[in-house]
Amino acid sequence: MTKRVLGLAGAFALCLLLATQALASEVTIRGHLKRTVEPGGWVVITENQKYLILNAKKFSAERWFVEGAEVEVTGEVKTGAVTIYMEGTPFEARVMRPFEQSGPGTPGDISRGLTRVLVTGEAIVQAQPDTAVLMISVVTQGKKAIEAQQENANRTDAVVRALKAAAGAGAEIKTSGYSVQPQRVFKENQPPTITGYEARNTVTVAMGDLTKVGSVIDDAVQWGANDVDSVSFTLRKDRMAREQALADATRNAGSKAQVIAAALGGKVVGVVEVQEEGFSRPRPLEGDVAGVRMMKATTPIEIGSLDITARVQLVAVIQTQR
């Protein structure tokens with residue numbers, strides 16, 4: 001019985017010794033929370049050192065866990081730990097809490113009244129297109145494939161010359177489709193009969209002078225084009241419009257956060273995260289002008305505006321009354 005008691009006492013003493021050694025290796029640091037370049041990474045910045053919190057996810061759900069909050073952390077330095085960027089001394093936290101000082105208005109006092117809100121801002125910016133894209137085809141038919149092909153080649157050559165002259169030196173003209181297809185007649189209980197061939201050569205014209213679109217169509221038809229598939233307008237140089245839409249969406253998100261804060265009787269004290277949620281490039285404005293005929297007047301083309309949409313997701317920190 002005595003030996004058993006001594007054995008239990010020895011085990012207890014050993015556990016106490018191990019616990020004491022573990023606690024002895026622990027340190028307490030005090031500093032401000034800051035995000036790292038690693039996704040989901042956080043560091044605590046003290047007066048003279050930076051500690052990388054290896055298990056920050058354990059505390060990230062706390063209301064006070066926001067960038068800039070002053071915290072007190074107890075844990076152990078893990079010198080053998082390796083991370084992607086090694087941004088600071090690796091540190092495994094056992095306890096983390098907001099650092100509280102006496103007196104109102106201190107960081108600890110403020111952190112207890114913080115909450116985070118997720119808002120989405122949207123903005124639509126209208127811009128005038130700077131490029132017109134025309135798809136113009138020459139369609140020919142013949143009893144034989146070579147007849148349809150040769151006639152198509154002659155007429156397409158004339159059309160391309162006319163397009164280059166009418167659209168100007170800055171226009172881009174290229175073949176976007178070519179085909180020679182048999183024309184078939186179908187009769188009941190009989191195999192299809194080939195009655196001739198159709199050749200189609202489609203040319204795409206991209207031009208920056210939008211005032212010439214109507215005259216370009218007229219010249220193409222005059223020189224042999226007989227199918228104007230489509231005319232569309234787009235915005236190639238969209239950087240300024242995109243940046244304006246993004247800025248407006250960010251301001252819209254910030255305004256929503258201010259409204260929520262006011263409804264809660266508080267104020268926005270910071271922004272934790274901003275992320276571009278989505279961006280919609282302007283969809284080309286399209287018009288069907290198939291069947292254009294020769295007219296003395298220039299073919300009228302009306303140009304509208306394009307919509308550029310941006311969406312931003314923003315996480316704001318709100319200080320509310322306790």
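Out of all the residues in the range 31-47, which are surrounded by 13 or more Cβ atoms within 10 Å (Cβ to Cβ), touching a residue at least 40 places away in the same chain (Cβ under 8 Å) and either in contact with a Phe, Trp or Tyr (Cβ under 7 Å, 6 or more places away or on another chain) or outside any strand (DSSP E or B) (or both)? Hits for the range 31-47 are Thr36, Glu38, Gly41, Val43, Val44.
Residue-by-condition table, conditions (1) free of Cβ contacts under 8 Å to residues at least 40 places away in the same chain; (2) part of a loop (DSSP other than H, G, I, E, B); (3) under 29 Å from the mean Cα position of the chain (by Cα):
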{"position": "Thr115", "(1), (2), (3)": "no, no, yes"}
{"position": "Glu122", "(1), (2), (3)": "no, no, yes"}
{"position": "Gln126", "(1), (2), (3)": "no, no, yes"}
{"position": "Met135", "(1), (2), (3)": "no, no, no"}
{"position": "Thr140", "(1), (2), (3)": "no, no, no"}
{"position": "Ile146", "(1), (2), (3)": "yes, no, no"}
{"position": "Leu163", "(1), (2), (3)": "no, no, no"}
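Put simply, of Val203, Val213, Val185 the only residue that is farther than 25 Å from Pro129 by Cα and either without any contact (Cβ under 8 Å) to a residue 12 or more places away in the chain or among the hydrophobic types (A, V, I, L, M, F, W, C) (or both) is Val185. Just one of (1) in contact (Cβ under 8 Å) with a residue 60 or more places away in the chain; (2) surrounded by fewer than 20 Cβ atoms within 10 Å (Cβ to Cβ); (3) closer than 23 Å to Arg161 by Cα fails for Gly254. It is (3). If you check Ala206 against the conditions, is it over 30 Å from Trp42 (Cβ atoms), modelled with pLDDT of 80 or more and either crowded, with 16+ Cβ neighbours inside 10 Å or small (Gly, Ala, Ser) (or both)? The answer is yes for Ala206.
Residues checked against (1) among the hydroxyl-bearing types (Ser, Thr, Tyr); (2) surrounded by 14 or more Cβ atoms within 10 Å (Cβ to Cβ); (3) at pLDDT 90 or above:
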| residue | (1), (2), (3) |
| --- | --- |
| Gln49 | no, no, no |
| Val73 | no, yes, yes |
| Pro104 | no, no, no |
| Gly108 | no, yes, no |
| Val117 | no, yes, no |
| Thr120 | yes, yes, yes |
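The values are calculated or read from the model by the stated rules, or taken from the named source; none is laboratory data. Everything quoted here is computed from the prediction, not taken from an experiment. Virtual Cβ from ideal backbone geometry, glycine too; neighbours counted across all protein chains shown.
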